[in-house]
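The structure appears right after this line, and notes come after that.
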Amino acid sequence: MIEKNSKIYIAGATGMIGGAIKRNLETAGYSNLVHPKSQEVDLIDQHAVYQFFARERPEVVVLAAGMVGGILANNTRRAEFIFKNLLIESNVIHASKEQSVKKLIFLGSSCIYPKLASQPIREEELLSGPLEPTNEPYAIAKIAGIKLCENYYRQYGCNFFSVMPTNIYGVNDNFDLQSSHVVPALIRKIHEAKARGSSTVVLWGTGSPRREFLYVDDLADALVFLLNSIKAEDVYQQGVSHINIGTGEDIEIKTLAETISDIVGFEGELEFDSQYPDGTPRKLLDVSRINRMGWNHSTTLADGLKRTYKWYCSRLQEETL
Ligand code: GFB
């Protein structure tokens, strides 16, 4: 168990996922959280990271920082995705070892698995085949982070391990159409089409890929559960290097778009532009390992989408005030 007054460093707390972890820990009564902004500690700068760790000496680290984005950003800003993520992970994980951090959780992504992995994807599928080309640089960086944790455990005995969340969405998501993931992009496109009175909205790809979506507060709940219930050797002794986190259910992108249209109240047509990439055809995680440990998601996709849309509308209202 993590003591309520343990010093916990949340790397990436200004992002959607890090922010949800911070909210969850605060609500649960953890009172000694550190979460500097990137302007205060630039995680790409090794010297700045080592100085920060020497000064703060956190006991627990949640590594949720990184450069993230949807399929287009991953496919076009390829060098930045691999470079920045490799630096952030290396700097934070090595500094954690140097300052004797007692526990570290590293967040990866379900795109680390092979493009054509058998479904649902078990943790053992890591490195069993070629990756999806649109996000290979990001996936390689995330796989490096998993292997850093695993080998800092094997060589130095560090209590560091990784989790692989499925596609995450929710409040505080990025709604920029060039860099966002599919849920915020569809919410924005469909909302704007309705507001303009358009009869059609254009989405990317063929609409046939399937994705699994987990609401961000459920991910934070899973992380706090794992922080309090397992240690690195519990993971590595099972012959795996990480734990999947998801719902165990997926949905076609076309059906997702129809669900969002219903929530928004858009009655026009959905068109798919197949000049944009589909990405991997399917990436449904096998979540039986975390379920057996005693954790299950609690937010349905319909509820999570409604909460996200409500948050998006309130943010638009704030912007116009
Ligand atoms: O969420 P998304 O960008 O990323 O796209 P991935 C999921 C699917 O939605 C793809 C389709 O098949 C897209 O073609 N899609 C349809 C759209 N319309 C849109 C749209 O307007 N915007 C977006 N963004 N997609 C990312 C990876 O993969 O997922 C990352 O690139 C990471 O590395 C992340 O793993 C979780 O699920 O394909």
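The values are calculated or read from the model by the stated rules, or taken from the named source; none is laboratory data. Keep in mind the model is a prediction, meaning the values are calculated, not measured. As a convention, Cβ positions derive from the backbone with ideal geometry for all residues, glycine included, and neighbour counts pool all protein chains shown. The area values use the complete protein model at the heavy-atom level, side chains included, leaving out ligands, DNA and RNA. Shrake-Rupley method; radii C 1.70, N 1.55, O 1.52, S 1.80 Å.
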remark   = If one compares the long axis through the Cα atoms of helix 78-98 with the longest principal axis of the Cα atoms of the chain, the angle in degrees, nearest 10, works out at 30
query = Taking Cα atoms, how many degrees apart are the long axis of helix 182-196 and the longest axis of the chain, rounded to 10 and kept between 0 and 90?
reply = 30
task = Please state, to two decimals, what the Cα-based radius of gyration of the stretch 1-102 comes to when divided by 2.2 N^0.38 Å (N = residues).
result = 1.11
request  = Using only the Cα atoms of the chain, build the gyration tensor, take square roots of its eigenvalues as a ≥ b ≥ c, and label the shape rounded, prolate or oblate: rounded if a/c is under 1.5, else prolate if a/b is larger than b/c, else oblate.
outcome  = prolate
note = The aspartates and glutamates whose Cα lies under 14 Å from the Cα of Lys103, excluding any fewer than 8 residues away in the same chain, are Glu3, Glu59, Glu150, Glu233, Asp234
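Roughly how many debye, to the nearest 20, is the charge dipole of the chain about its Cα centre, given +1 on each Lys and Arg Cβ, -1 on each Asp and Glu Cβ, and no other charges?
Dipole about the Cα centre, nearest 20: 620 debye.
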Gaussian network model of the chain, Cα within-10 Å springs - most flexible of Arg282, Arg196, Arg122 = Arg196
Candidates Asp217, Asp278, Asp45: whichever shows maximal mean-square fluctuation once the chain is modelled as a Gaussian network with Cα springs under 10 Å = Asp45
inquiry  = Taking the 0 to 90 degree range and rounding to the nearest ten, how far is the long axis of helix 136-156 tilted relative to the main principal axis of the chain, both from C-alpha atoms?
reply    = 20
query = How much accessible surface does Leu86 have with a 1.4 Å probe, in Å² rounded to 10?
reply = 60
message = Just to be sure I understand: with springs between alpha-carbon atoms less than 10 Å apart, which residue in Asn167, Asn85, Asn228 has the highest mean-square fluctuation in the Gaussian network model of the chain?
response = Asn228
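Summarise the accessible area of the stretch 12-53 (1.4 Å probe, protein heavy atoms) by the percent that is carbon and sulfur. Write down the numbers at each step before the final one.
On the way: 1020 of 2160 Å².
Ligands and nucleic acids excluded, carbon and sulfur give 47 percent.
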ask   = Scanning the chain for GluC sites (Glu not before Pro) in DSSP loops with at most 12 other Cβ atoms within 10 Å, what's the longest stretch left with none?
value = 41-266
ask   = Nearest-5 percent of antiparallel DSSP beta bridges in the stretch 195-321?
value = 25
request  = Calculate, for the stretch 30-160, the solvent-accessible area per residue in square angstrom, rolling a 1.4 angstrom probe over the heavy atoms of the protein chains.
outcome  = 45
